[in-house]
Every structure is written in structure tokens, then in C-alpha cells.
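Below is one structure. I have some questions about it.
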Amino acid sequence: MMEGKHTVWMRPKLGISGSTLKLIAVISMIIDHTAAGVLGRYLSMSGLMELTGDVAEGQQWFNQNAQLFTAYYTMRMIGRLAFPIYCFLMAEGLAHTHNKIKYAERLLLFAIISEIPFDLLFRGKILEFGYQNVFFTLFIGLVVIIGIECARERLGGRVIPEILSVIVILGAGMAAAQLAKTDYAALGVLCIAVIYTYRQKKVWQIVAGCLVFIWEPPALLAFIPIGFYNGKRGWKLKYFFYLVYPVHLLLLYLVCVVLGIAPYAAQ
């Protein structure tokens with residue numbers, strides 16, 4: 001495009017798109033679940049659950065299983081990148097969606113769809129209610145955010161009532177996640193709310209995100225790619241990123257069945 005005597009080149013905005021961030025989160029998540037669901041079963045087979053706490057016994061076990069345990073631990077640490085990125089992307093999605101209720105309904109639908117594959121891989125049962133998949137955490141976090149926004153609109157800028165409403169709604173959401181025993185539970189809902197609250201101030205969002213995830217140090221590395229987010233959507237593969245969660249859980253469990261390790265406990 002010509003502008004006066006100078007040529008202005010139209011360049012794409014540098015950085016990482018939303019779809020690239022999703023791919024990072026998906027790859028990290030699959031690595032994590034492969035470690036927990038597959039390698040974790042091999043650790044169970046090796047007698048990890050039978051250790052009595054004796055130092056000499058533990059050292060001998062580790063010497064015999066060092067490579068497997070190191071691979072398992074490394075993959076689990078890589079997996080810590082996924083949840084902060086999903087929290088960030090959900091905050092972005094909520095800020096740009098035209099229908100927040102449908103967004104919440106979609107999360108709840110995939111939470112329900114994912115529960116059987118989740119329980120098969122991590123509990124070895126078709127349904128088990130001692131621990132629920134992360135879609136339930138995301139759903140509760142989204143409901144909390146919608147509730148806080150509705151309260152703010154109705155209260156019209158009255159500071160004290162707004163603060164009290166945030167405390168009550170956030171507290172209720174955290175309690176619900178904790179009682180339902182969802183993945184990341186109450187802390188997960190808190191992380192979602194904090195990341196959404198600072199979505200319009202990128203630097204503060206990253207700082208607040210690091211502070212709220214300080215309890216899980218490897219997760220802090222997720223804020224490096226988040227910091228390079230360029231605000232672009234990227235590839236339009238919305239349902240792929242929803243479906244990959246239950247599908248990869250089921251496939252990993254089938255791998256365990258084929259390998260003959262499905263009866264052992266995931267770690």
C-alpha cells in the first residue's frame with residue numbers, strides 16, 4: 001500500500017495465536033496424562049505402592065526404576081503447563097463470546113462426556129465419583145465469572161457491595177469445586193477468576209497469574225507463551241480442542257488394555 005512517498009508493508013502481528021497456545025496446552029496435557037495413566041501403571045507394577053517407607057528399601061526401588069521414574073516425573077512437570085494456558089484461553093474466550101450461557105453449556109456437556117474416559121484411565125472404573133475431570137473445574141470457574149459480572153452490573157459501581165459479592169460468589173464456586181473433588185478443585189477456580197479479572201492488563205495478568213500458581217512452580221513456565229499471545233484467534237478448530245480431551249483419555253486407556261496394565265493403578 002502506498003502512503004505518500006513511502007511504501008507501508010502490511011505485516012502480520014507477531015506473537016502466538018490462540019490456536020497455537022491451545023496446541024501447546026494439548027501437547028502438554030497428553031504428555032502428562034501418558035505419564036500418569038501409562039507410565040504410572042508401570043510404576044505400580046514395579047511395586048511403588050508396596051513401599052513401606054524404609055529408606056533402604058526406597059533407595060533400592062529407585063535404583064531399579066530410576067529411568068522409568070525420571071521419565072514419569074519429567075513428563076508430569078511438562079504437564080503442569082496445560083492448566084494455566086487453558087485458564088487464560090477460557091478467559092479470552094469468555095471476553096469474546098457472543099453467548100456466555102452457550103459457552104457454559106458446552107463446557108458442562110464435555111465435562112459429562114469426558115467423565116467415563118477420565119475415570120477409566122485414572123481410576124480403572126467406568127464411573128467413580130472420588131475425583132472429577134478438569135472440564136468441571138472450568139465450568140464452575142466460568143459460572144463464577146458470569147456471576148461476578150452480573151453482580152457488578154446490578155450493583156452499579158458500589159465498591160463495598162461489589163467486593164462482598166465477589167467474595168461470596170468466588171467462595172461458593174471454590175467450595176463447590178472442592179466438594180465435587182474436581183481436578184485442581186478450589187485452587188483451580190481461584191486461578192481462573194484471577195486470570196480473568198486481569199485480562200485487560202497483560203503485565204498484571206501475568207504477574208497475578210504467577211502469584212496464584214506459585215503453589216505449583218512448573219506451571220509458572222506457562223506464562224512465557226502466554227506472554228507472547230498476540231490476540232489473534234488462529235486456526236478455527238474449536239471442537240477439535242474440545243474433543244481431543246475425552247478422545248485421548250479413551251485412547252490412552254485402550255493402550256493400557258492392550259499392554260495388559262489396565263488393572264494396575266495410575267499414578
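Among 30, 85, 101, 116, which is the only one that is modelled with pLDDT of 95 or more and surrounded by fewer than 19 Cβ atoms within 10 Å (Cβ to Cβ)? Lay out the reasoning, then the answer.
Values: 30 fails: surrounded by fewer than 19 Cβ atoms within 10 Å (Cβ to Cβ); 85 fails: surrounded by fewer than 19 Cβ atoms within 10 Å (Cβ to Cβ); 101 fails: modelled with pLDDT of 95 or more.
Testing whether each residue is modelled with pLDDT of 95 or more and surrounded by fewer than 19 Cβ atoms within 10 Å (Cβ to Cβ) leaves just 116.
Which one is surrounded by the most Cβ atoms within 10 Å (Cβ to Cβ) among residues in segment 127-164 that are small (Gly, Ala, Ser) and closer than 24 Å to residue 185 by Cβ?
First pass over segment 127-164, keeping only residues small (Gly, Ala, Ser): 130, 141, 147, 151, 156-157.
Next cut, closer than 24 Å to residue 185 by Cβ only: 130, 141, 147, 151.
Working: 130: 9, 141: 30, 147: 17, 151: 16.
Among those residues, the one meeting the criterion is 141.
Sort out which residues of segment 166-209 are among the charged types (D, E, K, R) and not in a helix (DSSP H, G or I), and write them in order of number. It would help to see each step written out before you state the result.
To start, the set of residues in segment 166-209 that are among the charged types (D, E, K, R) comprises 181, 183, 199, 201-202.
Passing the criteria: 181, 183, 199, 201.
From 147, 130, 141, grab the single residue that is among the small types (Gly, Ala, Ser) and outside any helix (DSSP H, G or I). Write out each step before concluding.
Working: 147 fails: outside any helix (DSSP H, G or I); 141 fails: outside any helix (DSSP H, G or I).
The match here is 130.
Just checking, does segment 54-74 include any residue being within 30 Å of residue 205 (Cβ to Cβ) and open to solvent by 10 Å² or more (accessible area, probe 1.4 Å)?
The initial filter retains those residues of segment 54-74 that are within 30 Å of residue 205 (Cβ to Cβ), namely 73-74.
Okay, now just the ones that are also open to solvent by 10 Å² or more (accessible area, probe 1.4 Å), so 73-74.
The answer is yes, given that some residue of segment 54-74 is within 30 Å of residue 205 (Cβ to Cβ) and open to solvent by 10 Å² or more (accessible area, probe 1.4 Å).
Follow-up question, since we're still on this one. Condition check: small (Gly, Ala, Ser), modelled with pLDDT of 95 or more and surrounded by 14 or more Cβ atoms within 10 Å (Cβ to Cβ). Does residue 222 satisfy that? Spell out how you get there, then give the answer.
Details: small (Gly, Ala, Ser): yes; modelled with pLDDT of 95 or more: yes; surrounded by 14 or more Cβ atoms within 10 Å (Cβ to Cβ): yes.
Considered against the rule, which asks whether it is small (Gly, Ala, Ser), modelled with pLDDT of 95 or more and surrounded by 14 or more Cβ atoms within 10 Å (Cβ to Cβ), residue 222 comes out as yes.
Then there's this: Hey, residue 188 hits all of (1) free of Cβ contacts under 8 Å to residues at least 60 places away in the same chain; (2) out of contact with any Asp or Glu (no Cβ under 7 Å at 6 or more places or on another chain); (3) not hydrophobic (A, V, I, L, M, F, W, C) but one; which does it fall short on?
Against the list (1) free of Cβ contacts under 8 Å to residues at least 60 places away in the same chain; (2) out of contact with any Asp or Glu (no Cβ under 7 Å at 6 or more places or on another chain); (3) not hydrophobic (A, V, I, L, M, F, W, C), residue 188 comes up short only on (1).
The values are calculated or read from the model by the stated rules, or taken from the named source; none is laboratory data. What you see is a predicted model; the values in this text were computed from it and never measured. Every residue, glycine as well, gets a Cβ built from its backbone with ideal geometry; the counts of neighbours run over all protein chains shown. Note: accessible area is taken over every heavy atom of the protein model, side chains too, but ligands, DNA and RNA are not part of it. Shrake-Rupley method; radii C 1.70, N 1.55, O 1.52, S 1.80 Å.
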